[in-house]
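The values are calculated or read from the model by the stated rules, or taken from the named source; none is laboratory data. Everything quoted here is computed from the prediction, not taken from an experiment. All Cβ positions, even for glycine, are placed from backbone atoms using ideal geometry, and neighbour counts span all protein chains on display. Ligands, DNA and RNA are stripped out before the accessible areas are found, and what is left, the full protein with its side chains, is counted by its heavy atoms. Shrake-Rupley method; radii C 1.70, N 1.55, O 1.52, S 1.80 Å.
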Amino acid sequence: MKDSLFAAPRETNTPFVFDENVAEVFPDMARRSIPGYETIIETIGRLAAAYAREGTRIYDLGCSLGEASVAARRCVRSPNVALVAVDNSEAMVRRCRSVLSSYRSEVPAEVVLGDIASVPVENASVVILNFVLQFIARDRRLGVLKKIHDGLCPGGILILSEKMCNADPLMEDLLTGQYFDFKRKNGYSELEISQKRSALEDVLVPDTWEEIRDRLRQAGFVHADRWFQTYNFCSIVAIKEGRQQ
Ligand code: GEK
């Protein structure tokens with residue numbers, strides 16, 4: 001279903017929430033609003049296949065409709081791997097359960113309604129945080145990353161995708177301008193672009209690349225780099241120190 005949530009003029013600037021209306025149009029919204037969304041999902045599948053280890057778990061934190069979970073379950077061949085998908089939106093979780101149950105896979109999946117800040121992460125070989133940390137209060141982000149680092153097995157990976165901002169105002173303007181052109185090219189009107197931008201203010205709070213990198217280091221990740229970037233959207237892979245079992 002086409003995303004036209006911000007097409008009509010809005011009288012008040014109500015903050016963006018992941019409700020039933022958003023869940024209904026989410027696949028279209030993600031593809032037309034997140035540069036590289038499909039490439040990132042496909043690559044998550046391949047990274048999960050390469051790093052999932054026998055007898056461990058894959059976590060998809062902030063799973064929305066479970067597209068990354070579907071990709072991981074389709075690609076992973078290691079035996080005895082289970083997937084845990086978590087989201088705190090009831091509308092997303094309900095739909096995600098139905099999406100995941102409609103695909104057959106050797107990887108059993110559980111979809112949990114919960115806050116990623118409080119859900120335990122244990123015995124993980126792969127953790128996916130695909131455009132989610134940016135919605136968590138800044139002072140809670142380090143705690144989430146530390147918990148993930150602690151819950152990963154040695155040699156396990158975190159795939160972290162984020163919308164970033166740039167500390168240099170000239171670069172910020174250039175990259176934001178290019179991003180808005182991408183949205184126009186994908187059929188969003190000026191009104192849709194500006195109303196969505198206002199609704200996301202204080203809801204999606206981006207960090208700079210330097211802040212993200214430093215926070216990953218503070219959480220314990222020594223090896224981390226961007227494997228994808230278009231405009232201010234990036235995806236990072238971080239590896240927990242130690243040999244894979
Ligand atoms: C994908 N990863 O398609 N706890 C749990 N879930 C949360 C929290 C939280 N504290 N805060 C936000 N969410 C997905 C796309 S969308 C990205 C992720 C976007 C959830 C929220 O309910 C929503 O489903 C998701 O994070 C963010 O691979 O819309 O830009």
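Things to note:
- Solvent-accessible ranking of Tyr103, Tyr188, largest area first, probe 1.4 Å: Tyr103, Tyr188
- Beta bridges by DSSP in the chain, antiparallel share as percent, to the nearest 5: 40 percent
- About the centre of its Cα atoms, the chain shows a dipole size close to 760 debye [charges on the beta carbon of Lys, Arg (+1) and Asp, Glu (-1) only; nearest 20 debye].
- For the peptides 230-243, 209-222, the ranking by mean Cβ contacts within 10 Å, running from highest to lowest, is 230-243, 209-222.
- Separation of alpha-carbon centers, region 37-95 and region 176-236, rounded to whole Å: 21 Å
- Residues Glu210 and Arg31, FRET efficiency given R0 of 35 Å [Cβ-Cβ distance, rounded to 0.05]: 0.75
- Considering only region 115-245, percent of DSSP beta bridges that pair antiparallel, nearest 5: 65 percent
- Tilt relative to the chain, helix 90-101 - C-alpha long axis, 0 to 90 degrees, to 10: 50 degrees
- Residues in region 114-128 reached by a label modelled at Ala137 [backbone nitrogen below 20 Å; 7 Å Cα→Cβ]: 114-120
- Within region 77-118: backbone nitrogen closer than 19 Å to the Gln244 label point (7 Å, Cα to C-beta): 77-84, 106-108
- Charged side chains reduced to their Cβ positions (Lys and Arg at +1, Asp and Glu at -1) give region 1-118 a dipole of some 460 debye around its Cα centre.
- Accessible area (Å², 1.4 Å probe, nearest 10) - Ser161: 0 Å²
- In a fully extended conformation the segment linking Glu172 and Arg226 would gain 17.6 nm over its present Cα-Cα distance, using 0.36 nm per residue.
- Solvent-free Debye scattering, log10 I(q)/I(0), computed from the Cα coordinates of region 43-201 at q = 0.10 Å⁻¹: -0.43
- For the chain, lysine pairs separated by 8 or more sequence positions, or belonging to different chains, with Cα-Cα distances below 30 Å total 14.
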